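The values are calculated or read from the model by the stated rules, or taken from the named source; none is laboratory data. Everything numeric in this text was worked out from a predicted model, so none of it was measured. No Cβ is skipped: glycine too gets one built from the backbone with ideal geometry, and neighbour counts run over all protein chains shown. We work out accessible area using only protein heavy atoms, side chains counted, and drop any ligands, DNA or RNA first. Shrake-Rupley method; radii C 1.70, N 1.55, O 1.52, S 1.80 Å.
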Amino acid sequence: MARQKIGLSATFQTANQSQASVIEELEGRNEELEAEIARLKVTTTSDTGKVELEAKLQQLAASLEQSGGSQDVPLNEITRNPFQPRTIFPKDEILAFANILSEEGQHTPIILIPLAPETKDQLWEQVKLVLFSDLPTEADKRAAWANIRYFIFDGERRYRSQALLGATKIRAVLRSGAIDFLRIQGEALTTTLHRKDLHELNLATCLVQQILYTHPEIAGEDSPESTIPKILEAAINRLNYLDKAKELRAILNVSAEAQTAWLADADFKSKTERQILEVLLKFRLHPGSIDSNVFPTLKLPDDLKQLIQTTGLEISKLNELKKLSAERLQLSEAEAVDLRRQLGSVMVQEKLKLSEVKTLIEKALFEHGIQPKKKKTAADQIRGLKFDKLKLEEMNDVRSALEQKLVELQAMQPT
Amino acid sequence: MKVKEQVRLSIQSNAGGSGKTTMTVHLAYAIAAKGYTVTILELDQSGSIKRFVGLPPVPKERSMAAVLDKDFHGEYPLIQIWTEHLKNVTLIQGGASLEESIQLIISTLASKYHVLAHTFADYPLDADVVIIDTPASLEPMGKVALAAATHLLIPIKPEYKDSDGASELVAWYNETVRELRLRPKPEIIGFVPTRVDLDFGPHKMILGLERQKGKVVRKSNIAEEETLPYQIHQLGYTCFPIVRESSEYINASGYGLPLQVYRPGNKAIQDLDPVVRRILAILEDK
């Protein structure tokens, strides 16, 4: 036999090569650990997720302290990570924590990300939107930013408590290596978007940041939180007008190149509209759904946004609460806020289901003299049908459908 | 008996006829017989499991197609099987309607390959062990199963074509874990040489095993590195002892029963014991 037999070792070459590349990857494990932490930070709401996150952070802090040692860093050189969308820090918790710190001292160093000067320049446009909200003017914000040398990777609560105690320094370890926050945020978004645990408000904030990250020139005079949703709305309207909106769903799952080609083909008035759609499509998000369900959260009244931050209340329930507007109830703004806050805490504490929330809100509206809408009867629905846009060939169809219904009705009536 | 963490075991191979479904039903019976609750999910559009459990095909709304549907809200259409023998095994059949699910997964669903994983996260299945029987094609159901699984078991028929397949499966597994960012990644419990007939030349060659005086021993004239178990060990995975080909599996399926019930005491079924022990160890360790 001239031909040589191919043995099993040759057969398994593919698998062996694949395994080797996995082992190479494992060597960059610290990096993976950090990416995993970043992902958990963006998405975690469950208790088990928090435990997992905490464990991974301690692992990282220990490994960093071992390699680089810890140091005392002035508080005014530190600020929170503006790309971390979870910002839930109830005040009483910070206070309680400050008490513990003052009695027991700080057990674990916080983890900081050093900012390279060139990174700082690039970040300014984005961070000024979310950081230093307590400072009145842009000049003040810029001055504060000039001092900043670190973002907090982990330990925001310890940092705030330390500040509350009047300390000027905090013990910290430094993460080495460059970090592209928005790239990590973008990756975390890509992998976890379709889980339900990212609140629409967090998603909306992330998306605005991601859009600015990819297309910094969009940042105009106005705040991007209001500009970007408006541009998207215009783009969706245009697509509807061009009769192309229905193609969006199909375009969601094609390659990035095909998406770009489709966008180039669609007739957009502005480059910005196209750019925004491009980012959303990249994340496989339906722009129509972002326009109607996600971006509107940015317009919620501040008290409701706060409620989200502290409780994570679902958007469907918030929309019910939103019905209690000062205008509608003929109350002062303060009274309306008060009412919403009161009912909001009832909803959270009693873990009301959406149907129960609806009843609660209906009751509140009723108490303020607003009658619930009557449900449409079958007769109302028929009266509401509009035939003026029917094409000729559709008319016969409609006529026979109505006749069929009439026959059904007659059959049900006692003779 | 309540385990701490559910084991979701995906039975996968990218070769047809490697005994995935046979493995699925017999493992299910063996684990349930130890008192654990077991649910079998069939992701195979051939729907062949119905033969092994003696059931007629189900309509779409009572099949896995309903679970993978966008409108699924947690009402798993579970059917108890082998009720005369055990009370703790349930099944959701696959079948032809999965063709629609495949279309949905590859073209419409935003969650894509994560669809089953997300469904489990939103609506946990009340079972100690979930066994997922997959079709031979890895796309898309293999990925759907992998993303939802905690563990993976790979039956492999010791033949050249199937060995190629197993090698590619490992590469596919690594790639898919990376692509779908499965963390923690599903653990490969091991490979099981199945349908083994040691009177058949190629099986002897590939496994490097032969029968002497009724005992299975190493075949001395074959270089160890040219054998399937060696190659699997080299990859860092377990290669379980062989599971012999037996006509009794086929006979049992004719009655819709697992071999354990059809022929209690039949030796062939003991071949599965090491795999069962491994799964029980995972359940009890956690």
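Figures for the structure shown
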item	result
Selection from segment B:60-78 of residues that are in a helix (DSSP H, G or I) and not hydrophobic (A, V, I, L, M, F, W, C)	B:K60, B:E61, B:R62
So A:L64, is it among the aliphatic types (A, V, I, L, M) and modelled with pLDDT of 70 or more	yes
Filter result (of a type in the set (A, V, I, L, M, F, W, C) and not in a loop (DSSP other than H, G, I, E, B)) within segment B:141-154	B:M141, B:V144, B:A145, B:L146, B:A147, B:A148, B:L152, B:L153, B:I154
Subset of segment B:87-140 that is open to solvent by 20 Å² or more (accessible area, probe 1.4 Å), among the charged types (D, E, K, R) and not in a helix (DSSP H, G or I) - its residue that is nearest to the other protein chains (Cβ to nearest Cβ)	B:E139
All positions within segment B:268-286 that are over 30 Å from A:N16 (Cβ atoms) and touching a Ser or Thr at 6+ places or on another chain (Cβ under 9 Å)	B:A268, B:I269
Residue count, segment B:144-161 (criterion: open to solvent by 10 Å² or more (accessible area, probe 1.4 Å), in contact (Cβ under 8 Å) with a residue 60 or more places away in the chain, touching a helix residue (DSSP H, G or I) at 6+ places or on another chain (Cβ under 9 Å) and within 11 Å of chain A (Cβ to nearest Cβ))	0
Qualifying residue in segment A:286-304 (condition: without any contact (Cβ under 8 Å) to a residue 24 or more places away in the chain, within 14 Å of chain B (Cβ to nearest Cβ), open to solvent by 20 Å² or more (accessible area, probe 1.4 Å) and outside any loop (DSSP other than H, G, I, E, B))	yes
Qualifying residue in segment A:400-414 (condition: within 42 Å of the chain's Cα centre (by Cα) and not in a helix (DSSP H, G or I))	no
Whichever residue in segment B:227-239 is open to solvent by less than 60 Å² (accessible area, probe 1.4 Å) and more than 15 Å from B:E187 (Cα to Cα) and, among such residues, is farthest from the other protein chains (Cβ to nearest Cβ)	B:P229
Unmet criterion (only one of (1) open to solvent by 50 Å² or more (accessible area, probe 1.4 Å); (2) part of a loop (DSSP other than H, G, I, E, B); (3) more than 12 Å from every other protein chain (Cβ to nearest Cβ)) for B:P184	(3)
